[in-house]
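The next block holds one structure in the form of structure tokens; read it before the comments.
No value in this document is a laboratory result; all are computed from the given coordinates. This structure is a prediction, so every number in the text was calculated from the model and none was measured. Glycine gets a Cβ as well: all are built from the backbone with ideal geometry, and neighbour counts include every protein chain shown.
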Amino acid sequence: MKLPGLLLLSAPLCIAGYGVIRLAGRVDGEYGPGPDWQAAHLFGLLGMVLFVPVVLNLGRELPPSRWRDATLVLTLAGLAAGIVQFLADISFSALAANKADMSRLSDQFSELPGVRPLVYTVVPPLFFLGLVVLTVMLAARRQLPKWSPPLVLVGVLLGAVDLNFLPLTGAAILVALLPLAEPNVLGRVRLRAGR
């Protein structure tokens, strides 16, 4: 079974788009709150939402097992936490009059019991860790090339080291997962571009 090409293109491209808009917004030193902040975070939110069916489809490519199911649960938990984080950041930006106000609202939210580990520090990285594990499992079954897991890992680590590398993170995930896309998805994209 091949994954829908639109999902495999759109989800990581949204993560890359989040990174690009974030970089552009930071050029003038006035990033957030404002249109650039909202646009970047909307791209990030859309990327997280689109990765839900991508992850579920990756799981369907693997035979049922406890290891697969546990990996899917943890990966989806990370995605859910990321979605909540983006929704919170978008809301705080909409409510805030300035950057200090936005930081105050964010701090108040993150100081609620359990919020920091669940939404910011511990659970969100499970999405990226789970994505690496899923690509390793798929490569072990020769459903992905051997270079896909290291490429995802490098992309994930770059984004973890510095958010300025998020465009590379999205690009790395896209290239790593592209072999699972429907046949000729790139051919159709090229054909449309040539019209």
Inset, instruction - Inverting the mean 1/r over all pairs of different Cα atoms, compute the Kirkwood radius of the chain and quote it in Å. - result: 17.5
Legend entry - 37 °C / 0.692 mPa s Stokes-Einstein diffusion coefficient of the stretch 92-184, Kirkwood radius on C-alpha pairs, µm²/s: 213
Inset, instruction - Estimate the FRET efficiency between residue 162 and residue 110 by the formula 1/(1 + (r/R0)^6), using the beta-carbon distance for r and 30 Å for R0, to the nearest 0.05. - result: 0.90
Inset, instruction - Measure of size requested: the Rg and Dmax of the stretch 33-79, with Cα atoms as the atom set and Å as the unit; please supply both. - result: 14.4, 46
Inset, instruction - Calculate for the chain the 222 nm mean residue ellipticity that helices alone would give, adding -39,500 (n - 2.57) per DSSP H run of length 4 or more and normalising by residue count, nearest 500 deg cm²/dmol. - result: -24500 deg cm²/dmol
Legend entry - Normalised contact order of the chain, rounded percent, pairs of Cα under 8 Å and 6 or more residues apart: 29
